[in-house]
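Just so you know, all these numbers are worked out from the coordinates, no wet-lab data involved. Small disclaimer: the values here were computed from a predicted structure and weren't measured. FYI the Cβ positions are ideal-geometry reconstructions off the backbone, even for glycines, and counts take in every protein chain you see.
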Amino acid sequence: MMQTDVKAGYVSATATVFNDRTRCKGVFVTPGSATGTVVIRDGGASGTTIFSTTTLASGTPFAVTFPGEGVLCATSLHVTVSGTATTAVVFYG
């Protein structure tokens, strides 16, 4: 098994977290004051969706860990966050 360093990217809107091949290891979501969404894609804003969730307004923060080596993003790791004050920390490497 190969070991790689794990990095984290904080997102509060739409952003490319890492612009190259990587593996998404997990995400920690903090819901905001309005219902929101967190969508992780491979390949930019119109790329393949690898994870999507809806958040509850003023909900409890939660973490999702992807099993094994994580989910491969062959092109880039792109995250879209919506909802007032919703944020996500995405772990990759």
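Starting at 0 and stepping by 5 Å, how many percent of the alpha carbon pairs of region 40-79 end up in each bin?
Histogram of Cα-Cα distances, whole percents per bin: 6, 20, 23, 21, 17, 10, 2.
If you stretched the chain out fully between S58 and D5, how much longer would it get, using 0.36 nm times the residue separation minus the C-alpha to C-alpha distance?
Details: separation 53, 0.36 × 53 = 19.08 nm, distance 3.26 nm.
So the chain would gain 15.8 nm between S58 and D5.
Obtain the radius of gyration and the Kirkwood radius of the chain from its C-alpha atoms and give Rg over Rh. Don't skip to the answer; put the middle values down first.
Values: Rg = 12.6 Å, Rh = 13.0 Å.
Ratio value, two decimals: 0.97.
What is the local net charge at T48, summed over the other residues whose Cβ is closer than 12 Å to its Cβ (Lys, Arg +1; Asp, Glu -1)?
Values: positive: R41; negative: D42.
Once positives and negatives cancel, what remains is 0.
Return the distance in nm (one decimal) between the two label points of a simple spin-label model at E69 and S33, each offset 7 Å from Cα along Cα→Cβ.
It is 4.4 nm.
For the chain, what's the relative contact order in percent, using C-alpha pairs closer than 8 Å and at least 6 residues apart? Don't skip to the answer; put the middle values down first.
Values: 261 pairs, mean separation 46.2, N = 93.
Once divided by the residue count of the chain, the mean separation gives 50 percent.
Please state the charge dipole magnitude for the chain, taken about the Cα centre, from unit charges on C-beta atoms (+1 on K and R, -1 on D and E), reported in debye and rounded to the nearest 20. Intermediate values should be presented prior to the final figure.
On the way: 5 positive and 4 negative charges, 4 e Å.
It comes to approximately 20 debye.
Taking the chain as a Gaussian network, Cα atoms linked when under 10 Å apart, which of F51, F18, F62 shows the biggest mean-square fluctuation?
Comparing F51, F18, F62 in a Gaussian network model of the chain, the most mobile one is F62.
Figure the gain on full extension for A85 and R21 (residue separation times 0.36 nm, minus the Cα-Cα span) and round it to one decimal in nm.
Details: separation 64, 0.36 × 64 = 23.04 nm, distance 2.88 nm.
Extending this stretch completely gives an extra 20.2 nm.
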